[in-house]
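Report on the structure given below.
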Amino acid sequence: MNNSLFSGVMWFKAKYMAIKRVWIEHGCIAAGYCNEICPEVFGLDDFGEAFIEEDADFAANEKGIREAALTCPVKVIKFGEE
């Protein structure tokens, strides 16, 4: 294996641990971006406020979770890597 590729992979794994939990803090303004970006994890209730889908696979949707958290206009989407 190419050593530079291997060290790059190890750096990525060390920098980004697997997402173990996701939650939405109080203050959702029902923008809906999270659901557009990652509907596998983020649902919307009857008022348009976001919630975490019960059987969401965080490992399979890490990119979408991170993007949704960054895109949220009020920054209420949080995730834990431990």
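Some notes on this structure:
- Note on the range 72-82: residues that are over 17 Å from Lys20 (Cβ atoms) and either among the hydrophobic types (A, V, I, L, M, F, W, C) or crowded, with 16+ Cβ neighbours inside 10 Å (or both) total 3.
- A search for C-beta distances below 6 Å between a residue of the range 45-62 that is of a type in the set (A, V, I, L, M, F, W, C) and any residue that is assigned to a loop (DSSP other than H, G, I, E, B) and modelled with pLDDT under 95, counting only pairs 6+ apart in sequence or on different chains, returns Ala59/Ala18.
- From Lys75, Lys15, residue being among the charged types (D, E, K, R) and at pLDDT 95 or above: Lys75
- Here Ala31, Ala68 are screened, and the one residue that is surrounded by 12 or more Cβ atoms within 10 Å (Cβ to Cβ), touching a residue at least 24 places away in the same chain (Cβ under 8 Å) and more than 24 Å from Met17 (Cα to Cα) is Ala31.
- Looking across the range 34-65, just one residue is out of contact with any strand residue (DSSP E or B) (no Cβ under 7 Å at 6 or more places or on another chain), among the hydrophobic types (A, V, I, L, M, F, W, C), crowded, with 16+ Cβ neighbours inside 10 Å and not in a loop (DSSP other than H, G, I, E, B), and that is Ile37.
The values are calculated or read from the model by the stated rules, or taken from the named source; none is laboratory data. Everything numeric in this text was worked out from a predicted model, so none of it was measured. Methodologically, a virtual Cβ is constructed for each residue, glycine included, from the backbone with ideal geometry; neighbour enumeration extends over all protein chains shown.
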